[in-house]
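The values are calculated or read from the model by the stated rules, or taken from the named source; none is laboratory data. Just so it is clear, the model here is predicted, and its values are computed rather than measured. Here Cβ is always computed from backbone atoms with ideal geometry, including for glycine, and neighbour counts include all displayed protein chains.
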Amino acid sequence: MAKRKPRSVNKTTLLVMGEGEHDKAFLSHMKGIYHERHSGSKITLDFSSGGSPHDIIKDTVKKSRHVGYDQKFILMDSDVPVKQQDIKAAKDSGITILYSNPLCLEGMLLSVLGQNTPHTAQKCKSALHPQLSDNPALPKSYEPLFAKPVLDQSIHATIKQLRSLLGKK
């Protein structure tokens, strides 16, 4: 009997970079909810080790240079302004920047929950992290608060973009 020839499927490849481990954990949580395994897309999640927006963009360019991703995104905090030259460098490298508003990932997530957002990124972290079920670097810690119905109902622009990127149109 002849061997079956494996089907080759052209997959769309996406790179979604978080600013740090917490961003990657939340992105992984969302990917687990929205990404369908046989959807024809391959999503790679990674994170930069923080630093300035310049450093994060530079790290993303470096990590994606030798891999032909169809689309590249960075989920970046909005508490530190991004210089125009860095925005241009990202655009020239085919990278789209998605901003966590207000301030940071934790600020954005507090706003999704309808809670008051403190005025600093550190205070946002202090307000959100105790509400999570585990270490914020673990995707499972976001499940109870940010279950699919909560994310589906969110009208936050960045959450809507992430839902679309990760699989829900």
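Brief remarks on what is shown
Residues checked against (1) closer than 29 Å to residue 143 by Cβ; (2) of a type in the set (Gly, Ala, Ser); (3) buried (at least 18 other Cβ atoms within 10 Å of the Cβ):
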{"site": "65", "(1), (2), (3)": "no, no, no"}
{"site": "89", "(1), (2), (3)": "no, yes, no"}
{"site": "107", "(1), (2), (3)": "yes, yes, yes"}
{"site": "125", "(1), (2), (3)": "yes, no, yes"}
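- For residue 78, the requirement of being among the small types (Gly, Ala, Ser) and either in contact with a strand residue (DSSP E or B) (Cβ under 9 Å, 6 or more places away or on another chain) or over 24 Å from residue 45 (Cβ atoms) (or both) is met.
- Of all residues in region 137-166, those that are under 16 Å from residue 106 (Cα atoms) have Cβ atoms under 7 Å from Cβ atoms of residues that are acidic (Asp, Glu) and at pLDDT 95 or above, 6 or more apart or on another chain, in 137/21; 140/134; 141/134.
- For the residues 29, 54, the requirement of being under 30 Å from residue 126 (Cβ atoms), touching a helix residue (DSSP H, G or I) at 6+ places or on another chain (Cβ under 6 Å) and surrounded by fewer than 18 Cβ atoms within 10 Å (Cβ to Cβ) singles out 54.
- For region 127-169, a residue qualifies if it is under 19 Å from residue 76 (Cβ atoms) and assigned to a helix (DSSP H, G or I), and the qualifying residues are 128, 142, 157, 158, 159, 160, 161, 162, 163, 164, 165, 166.
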